[in-house]
Amino acid sequence: MSSRSLVHILRPLALSAALSVGTVLSVSASAWAAYGIAMQGEPGLPAGFTHFPYANPDAPKGGRMVYGVFGDFDNLNPVSVRGALTTARGIFADPEFGNLVFEPLMQRSADEPFTYYGLIAESVETDEERSFVEFQLNPAARFSDGRPVRPQDVLATVELLRQQGSVRPQYSSWLSKVAKVEAVGERGVRFTFNEKADRELPLLLAGLPVLPAGDFNAETIAQTTLKPPVGSGPYIIDRVEPGQRITYRRNPNYWAKDLPTKRGLDNYDEITVEYYRDQNAQFEAFKKGLSYVYLYQQPNPRHWQTAYDFPAVKDGRVIKEVFLTGRPANLNAFFFNTRRAPFSDPKVREALSLLFDFEWANANLFYGAYSRLTSFFDNSTLSSVGHPADAKERALLAPFEADVSPAAMRGEDKPPVSDGSGSDRALLRQAVDLLQADGYRFENGRMVDAKGVPLRFEILVQYSDQQKIALAYARTLARIGVQADVRQVDDAQYQKRKQGFDYDVTVAAFSGTLSPGAEQVNRWGSAARDRPGSFNYAGVASPAVDAMINAIVTARSREDFVAATRAYDRVLISGHYVVPLYYIGEQWLARWSFIQHPEVTPLTGFYLPSFWRDPKSE
């Protein structure tokens, strides 16, 4: 190979002798092979690592796990856009259960911001500019029916995932930046990039699923299906009861069980995912234990404080645990639709963002358990709040001085703290002053614009907890003559209206990430503003936002990356695109005591694929 990369490089074969067999690296004496790739700098684990630090390599295998989830499923196709919202949990890229059936080219570490290590691809190469990426496939890789995983399978998968409108849009978006894909030698696949590519693309491609060539075609890749697919993952689908449950059975011939990236993971012989239409029913099933649900992830502070008084908790058979996490808080917020008046006016957004009384809601609805969101990257070093802009940030923001408030540059632009009454007079007056300076006035008890049009809008919500928060917000707004009508709709209508941006204000959430990158375009970028189905709920189209996203994805060092992300945070905060709500900087999990886990919790929080069942409980 002629190029060296920013990935962690293994020295020639003479130095690789110390590697364990589990790394399965096969290189010639003159080759340079990379066992992992990080977004910035080098992977955190050494070349000879034997297992992830958050996995117990001696974890016992066996037993049955039962997960409970809220919702429905009618699809086993992991990439179809048509079934994106109703694909069975666990098939692929499940944020909690992992990749049970299909696997990506490389395995992402849960203990680093954005790093991949060998799986289907045992090594990876790129150049200093990241103008290409080449993966060498592990010769041991097999699909569950015994077929080897070949470069031809990767090429066939890529061709299917390129189809816009048929597959989930992130895949076609990533592959639109690829000029050429080709097989290289016996086991290599090389992606050569076009001018649209960025430094994140090699890692995004490392996360592509690999489908067996011939199992899908241009027509079937777009369709939902209940036919169990063939993948390379640790489990095969055993039983399917649409909308009720899906059961996975461990593949006894799983090819990767001894790889460092898999040792100590995937420990159950059988995994069943039970679906519930009602969260109360799901919790009642958890309380019953042995024949029902074994874990319960608790997002509701009231429930966490009051619902665990049943006998199994008192006698220690059910354990409540709190896990710390280094992942940025999820962004949970009211999103103003700037495509519509009056929210196209930043002064209106700024005024109305003052009037959500977090202190009242936290005390009266949430047992004081929440913290107020102040940043788009709260609970992490990526947040700009509390950090004055440094020289790198000021240089990035210099062309966009008008887009960043002085307070944001100082790291001091954050939501106000109310007196907790739901009617803080000082904040009400501040909001009124901003609106009046913008041409609004009181008329017959209503806030109206210069033409006499009342300031009135609708808040679209999906479920009752959102409705409670929206009604609390509406009550405070009414005190200054602003009418906010809260409308709760069913899931189908909610999804349709959200995908078509048919709302004035809506409540939504974005998952926190330690490595923001290309996905930010779909959330806040100009290119996604008018693209139906995008996550740009606020309708942002800002050159400053676009420039900061570009700075993030092109950053080469961790220092440059943090500076770019904080600068981005300052721009978003200054735009008043959302009314930030709240977060909990920890994870709450209840489990039956026969479900156990390693002592080490990774950076991103508890990692369910590393849990196991006590053999004595069988």
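The values are calculated or read from the model by the stated rules, or taken from the named source; none is laboratory data. This structure is a prediction, so every number in the text was calculated from the model and none was measured. No Cβ is skipped: glycine too gets one built from the backbone with ideal geometry, and neighbour counts run over all protein chains shown.
Things to note:
- One residue from 518, 527, 492 being closer than 14 Å to residue 460 by Cβ and either exposed (fewer than 15 other Cβ atoms within 10 Å of the Cβ) or in contact with a Leu (Cβ under 9 Å, 6 or more places away or on another chain) (or both): 492
- Single match in 543, 532 (criterion: under 28 Å from residue 353 (Cα atoms), surrounded by fewer than 22 Cβ atoms within 10 Å (Cβ to Cβ) and free of Cβ contacts under 8 Å to residues at least 40 places away in the same chain): 532
- Which listed residue, of 202, 212, 234, is in contact with a Lys or Arg (Cβ under 7 Å, 6 or more places away or on another chain) and over 30 Å from residue 63 (Cα atoms): 202
- Any hit, the stretch 217-237, residues being part of a loop (DSSP other than H, G, I, E, B), within 25 Å of residue 523 (Cα to Cα) and acidic (Asp, Glu): no
- Residue 91 out of contact with any strand residue (DSSP E or B) (no Cβ under 8 Å at 6 or more places or on another chain), among the hydrophobic types (A, V, I, L, M, F, W, C) and either over 28 Å from residue 293 (Cβ atoms) or surrounded by 24 or more Cβ atoms within 10 Å (Cβ to Cβ) (or both): yes
- Of the listed requirements (1) at pLDDT below 95; (2) β-branched (Val, Ile, Thr); (3) within 24 Å of the chain's Cα centre (by Cα), residue 293 misses just one: (3).
- Enumeration of residues in the stretch 552-569 that are of a type in the set (Gly, Ala, Ser), over 20 Å from residue 374 (Cα atoms) and crowded, with 21+ Cβ neighbours inside 10 Å: 555
- Top-ranked residue of the stretch 590-605 - restricted to ones that are touching a strand residue (DSSP E or B) at 6+ places or on another chain (Cβ under 9 Å) and under 30 Å from residue 414 (Cβ atoms), ranked as surrounded by the fewest Cβ atoms within 10 Å (Cβ to Cβ): 605
- Sole residue being surrounded by 22 or more Cβ atoms within 10 Å (Cβ to Cβ), at negative phi and modelled with pLDDT under 95, chosen from 79, 101, 124: 79
One line per residue, one yes/no per condition, for (1) touching a helix residue (DSSP H, G or I) at 6+ places or on another chain (Cβ under 9 Å); (2) more than 12 Å from residue 88 (Cα to Cα):
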site	(1), (2)
216	yes, yes
225	no, no
231	no, yes
250	no, yes
254	no, yes
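- Residue check for residue 179: closer than 20 Å to residue 118 by Cβ, of a type in the set (A, V, I, L, M, F, W, C), touching a strand residue (DSSP E or B) at 6+ places or on another chain (Cβ under 8 Å) and modelled with pLDDT of 95 or more: no
- Residue satisfying all of: in the stretch 407-427; closer than 23 Å to residue 386 by Cα and small (Gly, Ala, Ser); surrounded by the fewest Cβ atoms within 10 Å (Cβ to Cβ) among these: 407
- Residues in the stretch 137-153 that are among the hydrophobic types (A, V, I, L, M, F, W, C) and either assigned to a loop (DSSP other than H, G, I, E, B) or over 11 Å from residue 187 (Cα atoms) (or both): 140, 141, 143, 149.
- Residue 442 being assigned to a strand (DSSP E or B), under 19 Å from residue 342 (Cβ atoms) and touching an Asp or Glu at 6+ places or on another chain (Cβ under 6 Å): no
- Selection count, the stretch 598-618, where residues are of a type in the set (Asp, Glu) and at pLDDT below 95: 1
- Exactly one residue out of 263, 277 is of a type in the set (Lys, Arg) and touching a Pro at 6+ places or on another chain (Cβ under 6 Å): that is 263.
- Residue match in the stretch 428-446 (condition: within 30 Å of residue 279 (Cβ to Cβ) and crowded, with 19+ Cβ neighbours inside 10 Å): no
- Residues satisfying the stated conditions in the stretch 272-289, i.e. within 22 Å of residue 609 (Cβ to Cβ) and either in a loop (DSSP other than H, G, I, E, B) or of a type in the set (S, T, N, Q) (or both): 272, 282, 289
- Scanning the stretch 287-307 for residues that are touching a strand residue (DSSP E or B) at 6+ places or on another chain (Cβ under 6 Å) and either of a type in the set (S, T, N, Q) or surrounded by fewer than 21 Cβ atoms within 10 Å (Cβ to Cβ) (or both) turns up 289, 295, 297, 298, 304.
- Qualifying residue in the stretch 570-586 (condition: among the aliphatic types (A, V, I, L, M), modelled with pLDDT of 95 or more and surrounded by fewer than 19 Cβ atoms within 10 Å (Cβ to Cβ)): no
- Candidates 213, 156 - the one that is touching a Pro at 6+ places or on another chain (Cβ under 9 Å), hydrophobic (A, V, I, L, M, F, W, C) and either in a helix (DSSP H, G or I) or surrounded by 17 or more Cβ atoms within 10 Å (Cβ to Cβ) (or both): 156
- Scanning the stretch 304-334 for residues that are assigned to a helix (DSSP H, G or I) and over 17 Å from residue 582 (Cα atoms) gives 305, 306, 311, 312, 313, 314.
- For beta carbons closer than 6 Å, sequence separation of 6+ or different chains, a first residue in the stretch 123-150 that is touching a residue at least 60 places away in the same chain (Cβ under 8 Å) and more than 18 Å from residue 100 (Cα to Cα) and a second that is among the β-branched types (Val, Ile, Thr) and part of a loop (DSSP other than H, G, I, E, B), the qualifying pairs are 138/24.
- Being under 30 Å from residue 504 (Cβ atoms) and modelled with pLDDT under 95 holds for only one residue in 526, 534, 557, and it is 534.
- Selection count where residues are crowded, with 16+ Cβ neighbours inside 10 Å and either modelled with pLDDT under 85 or outside any helix (DSSP H, G or I) (or both), scope the stretch 159-173: 6
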